[in-house]
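The structure under discussion is supplied below as structure tokens; questions concerning it will follow.
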Amino acid sequence: MNSDLNQASGGSAAGPGPELVVGLDAGGTRTRAVLATAADGRLLGEGAAGPGNALTVPLPQLTDHLAEAVAGAVPEAARRHVVAVGGGFAGATGADEDDPGRLNALTALTAALRRLGIGADSIAVGSDIEAAFASAPGAPADGLALVAGTGAVAMRITDRRCRATVDGDGWLLGDDGSGFWIGREAVRAALRMADGRGGATVLVEAVGQALGLPQEVLPGLGSRTSEVSYESPGAPEWSRTDREAYRMHLLPVVMAEPPTRLARFAPLVAEAARDKDPVAQAILDEAVDQLAHTVAALDPRPGERIVATGGLLGPDGPLTAGLAPRLRTLGLTLDWVADGCRGAVALARLESGRRL
């Protein structure tokens with residue numbers, strides 16, 4: 001890759017370097033940039049920076065993150081060879097050109113490129129989901145996209161643009177079946193066990209430990225909770241006083257954090273389900289149901305392509321095994337991609353007039 005970068009930077013005695021494109025995947029957690037050749041999309045370099053949500057990250061900070069990521073991907077000497085930039089942004093989900101997220105993304109990206117001295121002939125911005133969809137083999141133009149990570153949303157993509165959206169309504173109103181949703185259900189299950197409304201689950205201890213609750217307020221049930229409830233004969237003693245103390249310690253800690261931080265408990269649910277905890281398994285089953293309903297609301301056609309991304313649906317994702325057969329009943333097969341970087345490169349190459 002170093003020799004490729006040297007050539008891209010014009011370091012070869014043979015003359016100027018090749019035309020280059022930059023692809024950006026700007027998500028809610030981090031921004032990733034990749035440098036590629038315009039001719040064939042071969043990757044040459046990459047950089048990363050902080051969050052790139054075009055609706056929630058203030059414009060000055062968004063500009064800084066974009067500039068940092070692009071600077072890491074594109075050596076200074078290569079910047080004069082960049083002819084097109086394509087970016088997929090969280091928060092830029094509207095189909096219209098005047099969508100606030102798209103406008104913010106374009107404003108920040110234009111400023112970041114100007115700061116770096118990159119005078120690309122064309123700049124294309126869209127949603128991170130559109131970019132993820134285009135990352136699938138062959139850079140498809142039409143079909144369905146499903147994201148299940150911290151949030152959850154499904155989209156119908158036509159001519160590489162979002163035409164219909166289901167869910168993606170945020171932690172307060174939606175994101176059903178997402179990592180946030182699963183994490184919230186884990187905490188709710190722990191609270192229901194503590195106050196007497198729910199059955200026993202290892203989640204009560206796992207969540208309590210993750211939040212740093214005092215050991216003396218935890219039930220100490222361990223893996224035995226998959227077979228007993230806290231009221232069952234032979235169940236370890238967890239007094240009403242300790243259960244009340246558990247609740248009173250847990251609630252302030254959870255309420256002091258941003259709601260989406262609940263997503264960090266999703267792996268605890270997956271681990272508990274692998275250990276045959278029935279409460280955890282029920283949470284994952286319900287998450288699969290929610291995502292299946294979300295996709296079904298797009299009226300999929302048998303054989304239509306569905307591209308998925310997000311940690312919950314990867315090769316080792318906790319929902320993949322459950323969701324795949326549900327989608328097969330709709331005539332769909334999951335096609336998973338890691339992120340939207342390759343799709344953003346494909347969109348940038350299209351903007352530069354290249355054929356894919």
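Could you state the angle between the C-alpha long axis of helix 278-296 and the longest principal axis of the C-alpha atoms of the chain, as a value from 0 to 90 degrees rounded to the nearest 10?
40 degrees
Starting from 0.36 nm per residue, how many nanometres of slack lie between Thr107 and Glu286 once their C-alpha separation is accounted for?
Computed gain between Thr107 and Glu286 is 60.4 nm.
Here's another thing I want to ask about it. Starting from the amide H of Val125, placed 1.01 Å from N in the peptide plane, find each other amide H under 5 Å away whose residue is 5 or more places distant or on another chain.
Gly87
Under 10 Å, Cα contacts only: if you run a Gaussian network model on the chain, which one of Val70, Val254, Val85 comes out with the highest mean-square fluctuation?
Val254
Nearest 0.05, what FRET efficiency do Thr29 and Ala77 give at R0 = 41 Å with Cβ-Cβ as r?
Working: r = 31 Å, r/R0 = 0.75.
With R0 = 41 Å, the Cβ-Cβ based efficiency is 0.85.
Once both labels are modelled 7 Å past Cα along the beta-carbon direction, what's the Arg247-Leu59 spacing in nm?
Going by the 7 Å Cα→Cβ label model, 4.8 nm.
Next question, about the same structure. How much mean residue ellipticity at 222 nm does the chain get from its helices, if each DSSP H run of length 4 or more adds -39500 (n - 2.57) and you divide by all residues, to the nearest 500 deg cm²/dmol? Provide the component values of the computation, followed by the final result.
Details: 12 runs with 139 residues, N = 356.
One gets -12000 deg cm²/dmol as the mean residue ellipticity at 222 nm.
I've got another one for you. Keeping every protein chain in place, order Met155, Met248, Met255 by accessible area at 1.4 Å, biggest value first, i.e. largest first.
Met255, Met248, Met155
What accessible area per residue comes out for the chain, rounded to a whole number of Å², with a 1.4 Å probe? Please list the in-between numbers first.
Working: 15640 Å² over 356 residues.
Averaged over the residues of the chain, the accessible area is 44 Å².
To continue, here is another question. If you count only protein heavy atoms and use a 1.4 Å probe, how large is the accessible surface of His249, to the nearest 10 Å²?
80 Å²
Dipole magnitude of the chain about its Cα centre, charges +1 at Lys/Arg Cβ and -1 at Asp/Glu Cβ only, in debye to the nearest 20?
Taking the Cα centre of the chain as origin, the dipole is about 560 debye.
So, one more: Calculate how many DSSP beta bridges within the chain are antiparallel, expressed in % of all such bridges and rounded to the nearest 5.
Values: 25 of 45 bridges.
Taking every DSSP beta bridge within the chain, about 55 percent pair in antiparallel fashion.
To continue, here is another question. If each of Asp275 and Ala39 carries a label point 7 Å out from its Cα toward its Cβ, how far apart are those two points in nm?
About 5.6 nm separates the two model spin labels.
A further question follows. What is the gain in length, in nm to one decimal, between Arg188 and Ala141 on full extension, counting 0.36 nm per residue of separation less the C-alpha to C-alpha distance? Mind showing how you got there, number by number?
Working: separation 47, 0.36 × 47 = 16.92 nm, distance 4.05 nm.
Extending this stretch completely gives an extra 12.9 nm.
Let me ask another. Using 7 Å Cα-to-Cβ label points, what is the Glu237/Gln215 separation (nm, one decimal)?
In this crude spin-label approximation the distance works out to 1.9 nm.
Once the Cα atoms of the range 37-110 are picked out, what are the Rg and Dmax in Å?
Cα-based Rg and Dmax for the range 37-110 come out at 13.1, 36 Å.
What is the dipole size for the range 56-104, taken about its Cα centre, with +1 at each Lys and Arg Cβ and -1 at each Asp and Glu Cβ, in debye to the nearest 20? All intermediate terms of the calculation are to be shown ahead of the outcome.
Working: 3 positive and 7 negative charges, 52 e Å.
My answer is approximately 260 debye.
Shifting gears a bit: Which angle from 0 to 90°, rounded to the nearest 10, does the C-alpha axis of helix 240-255 make with the longest principal axis of the chain?
Its long axis makes an angle of about 20 degrees.
Show Glu286, Glu130, Glu351 ordered by accessible area, largest first, where the area counts protein heavy atoms only and the probe is 1.4 Å. Spell out each step's value before the answer.
Details: Glu286 70, Glu130 10, Glu351 95 Å².
I get Glu351, Glu286, Glu130, largest accessible area first.
From largest accessible area down, sort Ile123, Ile283; use a 1.4 Å probe on the protein chains.
Putting Ile123, Ile283 in descending order of accessible area: Ile123, Ile283.
Would you indicate which of (i) 1.07; (ii) 1.04; (iii) 1.02 is the value of Rg/Rh (Cα atoms, Kirkwood Rh) derived from the coordinates of this structure?
(i)
The values are calculated or read from the model by the stated rules, or taken from the named source; none is laboratory data. These numbers were taken from a predicted model, which means no experiment stands behind them. Neighbour counts are summed over all protein chains in view; Cβ atoms, including those assigned to glycine, are modelled from backbone coordinates with ideal geometry. Side chains included, ligands, DNA and RNA excluded: accessible areas come from the protein's heavy atoms. Shrake-Rupley method; radii C 1.70, N 1.55, O 1.52, S 1.80 Å.
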